[in-house]
1. So which of Ile228, Ile222 ends up being touching a helix residue (DSSP H, G or I) at 6+ places or on another chain (Cβ under 8 Å), surrounded by 20 or more Cβ atoms within 10 Å (Cβ to Cβ) and either closer than 17 Å to Phe158 by Cα or free of Cβ contacts under 8 Å to residues at least 12 places away in the same chain (or both)?
2. Output the residues belonging to the range 81-128 that are surrounded by 12 or more Cβ atoms within 10 Å (Cβ to Cβ) and of a type in the set (Phe, Trp, Tyr).
3. Can you name the residue in the range 23-72 that is over 19 Å from Ile266 (Cα atoms), loosely packed, with under 12 Cβ neighbours inside 10 Å and β-branched (Val, Ile, Thr) and, of all such residues, is modelled with the highest pLDDT?
4. I'm checking my understanding of the structure. Among residues of the range 194-219 that are β-branched (Val, Ile, Thr) and surrounded by fewer than 20 Cβ atoms within 10 Å (Cβ to Cβ), which one is farthest from Ala152 (Cα to Cα)?
5. Which condition number does Pro114 fail, the rest of (1) over 22 Å from the mean Cα position of the chain (by Cα); (2) over 21 Å from Ser161 (Cβ atoms); (3) in a helix (DSSP H, G or I); (4) modelled with pLDDT of 90 or more being met?
6. Just the residues that are under 25 Å from the mean Cα position of the chain (by Cα) and either more than 28 Å from Tyr221 (Cβ to Cβ) or not in a helix (DSSP H, G or I) (or both), please, taken from the range 28-82.
7. Could you check the range 160-176 and list, in sequence order, the residues that are closer than 18 Å to Asn219 by Cβ and not small (Gly, Ala, Ser)?
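The values are calculated or read from the model by the stated rules, or taken from the named source; none is laboratory data. A quick note: this is a predicted structure, and the numbers were derived from the prediction, not measured. Every residue, glycine as well, gets a Cβ built from its backbone with ideal geometry; the counts of neighbours run over all protein chains shown.
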Amino acid sequence: MPRAFGQRLSWNLRTREILSEFGFHLILLLGAIFWLLPFFWMVSTALKPVAEIFSPNVTLLPVNPTLDNYTKVWASSPFARYLLNSFLVAILILVGQILTIVPAAYAFAKRDFPGKKLLFSIFLATMMIPFHVTIIPNYLTLAKLGWIDSYAGLIIPFLTSVFGIFLLRQFFLSVSNSLLDAARIDGCSELWIMWLVLARSSLPALAAFSVFSFVRQWNLYIWPLIIIESTELKTVTLGLVQFASFESHGVENAGTLMAASSLVVIPIMLVFLLAQQQFIEGITTTGVKG
């Protein structure tokens, strides 16, 4: 009898675990569907002909898929140029940020100097300052330097990131100092230790920051709107708004608008998918050590 009771209890516990795991995954699945449905509907609409988009019979998948909407986007606007500008700006900003945040994070995590904690607190406090507060000073500075309507005006104000410094500092703190001491005993310089020991061991954190940085710069709208005047330098967000204003005179252009919007979103999704594993690892392993 006790043995039968124990088996029944074990079976009940296992059943509860299975139901709990099933419920958890069901919630995740419903959440994924909720967030992906607008994107799926956008791509589906972009692949539909005009008659099918406004048909009374609503279909989730295109019955007669076509690439005509994408062809119209490429033919009616320099969208390839917009994509190239955004990609170039986002990549150059990311490279500049990595070159600045790694030394700063190394100094705050592994070096001792007077006022270290106070300076780091000031750095963190600047994260509370809204970006819009600095727009006018940045614009006046760039105007005096002659960098209005240029790649320099798009890139230089964002060549460092306090968030990136904080993120990497937390990851650097988790790296044992004995590893750095061993590198010093082997004759490694501080630059070698910083880039080939610390930075190399912090690739997950760098990947997570890279995704954040790329998405932020790709989606930036206010600053390019203020600083850019020529069509040749417009980023994809400005190009999409301009394209939407041109196409807003008739509902028959809904398919081309969806096609243009999907061209803006797809690169971001590809970046995340390529760095997904490193991104998740970087977020989960970056602690809050002091």
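1. Ile228
2. Across the range 81-128, the qualifying residues are Tyr82, Phe87, Tyr106, Phe108, Phe120, Phe123.
3. Here the residue is Ile27.
4. Val197
5. So the condition that Pro114 fails would be (3).
6. Across the range 28-82, the qualifying residues are Leu28, Leu29, Leu30, Ile33, Pro78.
7. If the condition is that a residue be closer than 18 Å to Asn219 by Cβ and not small (Gly, Ala, Ser), then Phe163 is the only one that fits.
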